[in-house]
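A short reminder: the numbers here are calculations on the coordinates, not readings from a lab. Computed from a predicted structure; not experimentally measured. Here Cβ is always computed from backbone atoms with ideal geometry, including for glycine, and neighbour counts include all displayed protein chains.
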Amino acid sequence: MPNIKIFSGSSHPDLSQKIADRLGLELGKVVTKKFSNQETCVEIGESVRGEDVYIVQSGCGEINDNLMELLIMINACKIASASRVTAVIPCFPYARQDKKDKGFFDIPVDNLYAEPAVLKWIKENIPEWKNCIIVSPDAGGAKRVTSIADRLNVDFALIHKERKKANEVDRMVLVGDVTDRVAILVDDMADTCGTICHAADKLISAGATKVYAILTHGIFSGPAISRINNACFEAVVVTNTIPQEEKMKHCPKIQVIDISMILAEAIRRTHNGESVSYLFSHVPL
Amino acid sequence: MPIRRFGGHRSLVSHSQTPKLSYGYTKMNISRSGYRVFSANSTTACTELAKKITERLGVELGKSVVYQESNSETRVDVKESVRGQDIFIIQTIPRDVNTAIMELLVMAYALKTSCANNIIGVIPYFPYSKQCKMRKRGSIVCKLLASMLAKAGLTHIITMDLHQKEIQGFFSFPVDNLRASPFLIQYIQEEIPDYRNAIIVAKSPSAAKRAQSYAERLRLGLAVMHGEAHHSESDMADGRHSPPLSRTTTGHTGLELPLMMAKEKPPITVVGDVGGRIAIIVDDIIDDVEDFVAAAEILKERGAYKIYIMATHGLLSAEAPRLIEESAIDEVVVTNTVPHEVQKLQCPKIKTVDVSMILAEAIRRIHNGESMAYLFRNIAVDD
């Protein structure tokens with residue numbers, strides 16, 4: 001493919017390499033370093049004049065540093081006369097503080113979904129999927145969960161927090177029946193994992209045989225890993241929007257779904273001016 | 001006898017408009033809006049300067065909570081109403097530069113969406129000021145930062161000793177570039193016993209202008225050091241030399257451009273006589289101290305019996321305290337624009353000058369709409 005360059009920030013070089021491999025390209029040469037006063041310095045190592053540039057940087061790890069690095073890289077490409085600069089941000093930081101809605105940006109946003117990859121994983125890795133039940137750990141995820149449940153043609157359930165009085169701990173109430181079923185918890189991100197661990201306990205005590213958790217972004221900060229190790233999950237599945245190598249060493253229950261092909265295909269389609277909406281319901285090969 | 005009437009006086013007092021200060025008092029509904037001072041730093045070492053400034057102003061620091069969540073996202077909560085007020089955000093830049101920038105941006109935006117009137121950033125040490133020139137396919141981060149601050153809602157910035165004065169041009173709003181030199185000069189006069197036998201030294205030709213302004217005000221001599229042992233940053237300012245330094249193989253054949261001669265790198269020399277004197281090296285930022293240590297060695301060889309370094313911003317990164325401790329430098333004097341308590345513990349040669357007074361005065365004058373000229377009265381053109 002002519003006129004396209006892919007650069008990687010320092011947040012997730014592994015994913016960027018996978019994306020570049022799928023596209024049959026080499027990653028662009030860029031040097032990112034920090035001066036001794038901790039200021040970020042970025043230098044693009046090849047010409048980007050007139051090129052369609054994609055910068056892959058995920059909002060994970062030291063978020064402010066990675067964000068600054070991304071901004072500086074975009075700025076550097078623009079003043080080096082790149083024709084178009086697109087930021088590929090698998091895990092968008094600060095998403096819980098504001099809504100990551102389309103209306104908040106002045107520039108085109110393509111929000112891809114991990115759903116097709118999740119469905120594929122469920123069918124391939126959970127033998128009893130035809131009789132499972134998809135559960136949302138909070139009321140806000142109901143739409144996401146029903147969408148998956150419909151595509152698999154299975155039932156769904158949800159857990160919602162009931163607060164009787166102020167200063168009283170929330171009670172978690174399960175809405176739906178999970179007895180003798182395999183329960184699959186689905187959520188978009190897991191940070192400290194307090195919610196999903198409580199949810200898992202609830203499901204087991206309500207009669208579920210096994211509990212899986214499938215999360216798009218596995219941030220896993222703070223006590224998350226020890227909580228997962230102590231909880232009763234069969235497996236905790238995340239995508240590789242955030243690097244998981246280190247965490248997998250400490251927690252054998254974590255498994256990873258590779259979504260590099262979705263991002264690679266999105267990049268290819270954007271570059272060729274084709275429609276990206278095909279990716280909302282299909283996983284590319 | 002004509003009846004005296006007060007009709008003639010009526011024209012002097014207009015009844016149609018609201019009387020402004022006409023009888024020596026201000027009416028409640030046109031009184032000046034209040035101002036609040038916030039600090040957007042999350043660590044206590046950084047809020048020290050903000051505390052000093054608010055003490056001098058006689059106000060309380062605004063109530064807000066700034067912290068990093070477990071996934072290292074920054075969170076800012078402003079705990080009081082700021083509607084219609086002038087807000088000053090004091091932000092010191094510690095080692096974690098990007099986090100401090102993010103804290104400032106988030107707080108500024110939070111205040112903007114809470115209907116603050118003016119949001120003035122007080123950023124004594126402005127970060128990324130060394131990345132203000134175009135380098136080979138680099139980014140002019142300073143310009144990027146200026147755009148980000150404007151977008152986040154800042155309407156004014158107070159800073160101190162900007163690395164390059166031209167950075168003021170990157171901003172679309174006013175920038176007040178205060179000077180620390182009066183404080184450092186006062187330190188020299190009060191704390192260095194025989195300062196009249198001193199000579200001001202510029203570590204490199206680029207610092208000569210600043211050194212000269214100090215020398216003028218103290219009525220001392222000037223010395224300039226030249227020649228570098230290693231390739232310095234400032235030389236890479238524009239990586240795209242015109243004409244090219246070396247022949248590129250992809251160039252057009254037949255187009256013989258004259259090649260520019262590469263600069264000679266002479267060994268370090270001192271222009272000026274430092275024999276039997278106290279040498280005072282003057283600079284704006286002291287960060288990597290290898291250059292300073294090398295300069296101090298040379299000055300010692302040439303006969304200087306005491307060596308001081310005066311710098312506004314004491315970043316003192318990495319091995320700096322240890323290198324200073326082991327070197328020929330007698331004292332390093334910096335201001336408290338950048339927190340350096342840790343470095344002071346490691347190296348007792350580091351001394352601090354408090355500049356909260358001028359920052360507090362700047363805040364007060366900006367809020368009252370008074371002239372700032374008084375703060376610049378002793379500043380030379382080249383400072």
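Using the Cα centre of the stretch B:262-383 as the reference point, and only Cβ charges (+1 on K/R, -1 on D/E), how large is the resulting charge dipole? Debye, rounded to the nearest 20. Don't jump to the answer; show the numbers that get you there.
Numbers: 13 positive and 21 negative charges, 65 e Å.
Roughly 320 debye, rounded to the nearest 20.
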**OP:** Kindly work out what percent of the DSSP beta bridges joining two residues of the stretch B:36-178 are antiparallel, to the nearest 5.
**Re:** 20
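Out of all DSSP beta bridges in the protein assembly as shown, what portion is antiparallel? Express it as a percent rounded to 5.
Just about 20 percent of them are antiparallel.
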Original post:
Taking amide H positions as placed 1.01 Å from N in the peptide plane, with prolines and chain starts having none, which residues 5 or more places from residue A:192, or on another chain, fall under 5 Å of its amide H?
Top reply: A:221
Original post:
At what distance in angstrom do the alpha carbon centres of the stretch B:263-307 and the stretch B:322-383 lie from each other?
Top reply: 22
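Using unit Cβ charges (K, R positive; D, E negative) and no other charged atoms, how large, in debye to the nearest 20, is the dipole of the stretch B:36-178 about its Cα centre?
Details: 18 positive and 13 negative charges, 113 e Å.
That gives the stretch B:36-178 a dipole magnitude of about 540 debye.
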Original post:
Can you list the residues, at least 5 places off or on another chain, whose amide H is less than 5 Å from the amide H of residue A:86, using H built in the peptide plane?
Top reply: A:53, A:54, A:55
Subject >> Listed residues A:107, A:126, A:254, most fluctuating in chain A (Gaussian network, C-alpha, under 10 Å) >> reply: A:107
Original post:
Cα centroid distance between the stretch B:115-155 and the stretch A:67-92, in Å?
Top reply: 17
Subject >> residue A:185 long-range amide H proximity, modeled H, under 5 Å >> reply: A:135, A:212, A:213, A:214
**OP:** Could you work out which residue, out of A:206, A:114, A:157, moves most in a Gaussian network model of chain A, that is, has the largest mean-square fluctuation with Cα springs under 10 Å?
**Re:** A:206
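On average, how many beta carbons from a partner chain sit within 10 Å of the beta carbon of a residue in B:140-146? Could you put the intermediate results ahead of the total?
Numbers: counts 4, 9, 0, 2, 8, 4, 0.
Partner Cβ neighbours, averaged per residue: 4.
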**OP:** Fewest Cβ neighbours within 10 Å first, please rank B:306, B:63 accordingly.
**Re:** B:63, B:306
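Counting only C-alpha contacts under 8 Å and six or more residues apart, can you give the relative contact order of chain A as a whole percent? Numbers along the way, then the final one.
Working: 514 pairs, mean separation 43.2, N = 285.
Relative contact order for chain A comes out at 15 percent.
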Subject >> Relative packing of B:42-48, B:221-227, which averages over residues the other C-beta atoms within 10 Å, highest first >> reply: B:221-227, B:42-48
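Send over the per residue convex hull volume for the stretch B:36-178, Cα only, as a whole number of Å³. Intermediate results must be reported in sequence, preceding the final value.
Working: hull volume 16.4 nm³, N = 143.
So the per-residue hull volume is 115 Å³.
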**OP:** Would you work out which of A:122, B:356, B:280 lies farthest towards the positive end of the dipole of the protein assembly as shown, given +1 charges on the beta-carbon of Lys and Arg and -1 on that of Asp and Glu, about the Cα centre?
**Re:** B:356
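Can you give the relative contact order of the stretch B:36-178 as a percent, counting alpha carbon pairs under 8 Å and 6+ residues apart? Write out the running numbers ahead of the final one.
Details: 268 pairs, mean separation 28.5, N = 143.
Worked out over the stretch B:36-178, it gives 20 percent.
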Original post:
What's the angle, to the nearest 10 degrees (0 to 90), between helix A:63-79's Cα axis and the longest principal axis of chain A?
Top reply: 30
Original post:
For A:73-83, what's the mean count of beta carbons from other chains sitting within 10 Å of each residue's beta carbon?
Top reply: 3
**OP:** Select from A:256, A:118, A:42 the residue whose mean-square fluctuation is largest in a Gaussian network model of chain A (Cα-Cα springs shorter than 10 Å).
**Re:** A:42
Subject >> Helix A:115-125 axis, angle to chain A major axis (alpha carbon atoms, nearest 10°) >> reply: 60
Subject >> Top positive-direction residue, dipole computed over the stretch B:36-178 with Cβ charges, set B:57, B:170, B:158 >> reply: B:170
Original post:
How many angstrom separate the Cα center of the stretch B:64-114 from the Cα center of the stretch A:262-281?
Top reply: 37
Subject >> Cα-centred dipole magnitude for the protein assembly as shown, charges only on beta-carbon of K, R (+1) and D, E (-1), debye, nearest 20 >> reply: 2340
Subject >> Cβ neighbours within 10 Å from other chains - mean over A:40-51 >> reply: 3
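Arranged from highest to lowest average of other beta-carbon atoms within 10 Å per residue, in what order do the peptides A:136-144, B:370-378 appear?
Details: A:136-144: 16.4, B:370-378: 11.0.
The peptides rank, most packed first, as A:136-144, B:370-378.
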**OP:** Could you state the angle between the C-alpha long axis of helix A:194-205 and the longest principal axis of the C-alpha atoms of chain A, as a value from 0 to 90 degrees rounded to the nearest 10?
**Re:** 30
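Rank-order A:264-272, B:96-104 by packing density, defined as the average count of other C-beta atoms within 10 Å over each peptide's residues, highest first. Let's see the in-between values first.
Working: A:264-272: 18.9, B:96-104: 24.0.
Ranked by mean Cβ neighbours within 10 Å, highest first: B:96-104, A:264-272.
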